[in-house]
Amino acid sequence: MRRRKHDSEHENLERWLLTYSDLITLLLAFFIIMYSMSKIDSKKFGEMQEALSGVLKGGTLVVKQGNQIGALSGQGVLKIGFMKSLGDAVKRDFQGLGNENLVNTEVTERGLVIHIMESALFEAGKAELTDEAKKTLSIVARHLASLPNHIRIEGHTDNLPIRTPVFPSNWELSSARATEVVRFFIDDFRVKPEMISALGYGEFRPLIPNNTPENRAMNRRVDIVVLTMQITATEPTSQFYSQP
C-alpha cells in the first residue's frame, strides 16, 4: 500500500511540472513576439502602448482597421458604427418625400458621405439654392449641426464645359455651389464656421463615367462629408480665430 501512495505522489508531481513547463514556454514565445514587434517599428509600438494606457484611464484612442477609422474611448467618442446609423437616419427622413433617390449615403475611410444630386439643389448652370433645396438641406442639417466632427462640403459637376460671365469653368461653378451650402448651414443652422469648409472639384471626381446623360446627372452633385474624428483632428486651426 505504501508503494502505491509513493507512486501516485510521484505521478502528480510530474503532471505539475509538465503544466509549469508549458506555461514557461508560452510566456517565452509571447515575449519573443513582443520583442520582435518592438524592433520592427519601435515608434509605432511605443505609440500604441501609450495610447492603450490612456484608454484604460478613460482617454481616447484613434485607430484604423481596414476601411474603418474612428476614435475609441472610455466615453464612447463617435465611432464608425455611428456614422452608419447617422447615414441610415438621413435616408429614412427622405423616404416618402418623393426625392429619396436624389440623396444617397455611404461610409468611407473619410467618414459619412451624403451625396445630393444637382436637381435637388440647383437649376442647371446656377449656384443659388432653390426653396426646395433649402428644405432638402434642412433635413440633413438637423442631423449634423451639433456634431463635433468637421463637415466638408464638396461641389461636383459633369464634364460638359461651361463658360459664362459668372462661371468661366466648372471649377467656379462647383466651388460656388459648395460655398452656397456652407453659408446656408452657418446662417440657418448655426454650424460653427470653423467646423465647416467648402471645396470645388469641378468635373474631376466623377462617381461614374460621364458617357451618358443619366451618368452625367449622377455626377452633378454636392457631397456633404462628415469627417471622422481622426481626420477632424488634422484640419487646420488657428489660435487667432474668435467667434464674433
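Taken together, the values in this text are just the output of simple stated rules run on the coordinates, not laboratory data. Values in this document were obtained by computation on a predicted structure and should not be read as measured data. A quick note on method: Cβ atoms are made from the backbone with ideal geometry, for glycine too, and the neighbour counts reach across all protein chains shown.
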For region 99-244, whose charge dipole is built from +1 on Lys and Arg Cβ atoms and -1 on Asp and Glu Cβ atoms, the candidate among T228, L112, T130 with its Cα farthest towards the positive end is T228
Please report the spacing between the Cα centers of region 174-244 and region 77-107 in Å, no decimals.
17
Neighbourhood charge, 11 Å Cβ-Cβ cut-off, centred on I139 and excluding it, Lys, Arg +1 and Asp, Glu -1:
+3
Residues whose placed amide H lies under 5 Å from that of R110, excluding near-sequence neighbours
none
Full-extension gain in nm, E214 to S146, via 0.36 nm per residue minus C-alpha separation:
20.9 nm
Proxy exposure order for I33, I186, I116 (fewest C-beta within 10 Å first) is I33, I186, I116
Treating region 80-232 as a set of equal point scatterers at the Cα positions, no solvent, please give the Debye-formula log₁₀ I(q)/I(0) at q = 0.17 Å⁻¹.
-0.96
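Counting other Cβ atoms within 10 Å of each Cβ, which GluC sites (Glu not before Pro) in region 190-231 have at most 12 and sit in a DSSP loop?
none
Just add up the charged neighbours of N101: K/R +1, D/E -1, any other residue whose Cβ is under 15 Å from the Cβ of N101.
Here the charged neighbours net out to -2.
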H150 long-range amide H proximity, modeled H, under 5 Å:
L227, T232
Per-residue Cβ neighbour rank within 10 angstrom, fewest leading, D22, D158:
D22, D158
Using Cβ contacts closer than 10 Å as the measure, can you line up R152, R221 from fewest to most?
R152, R221
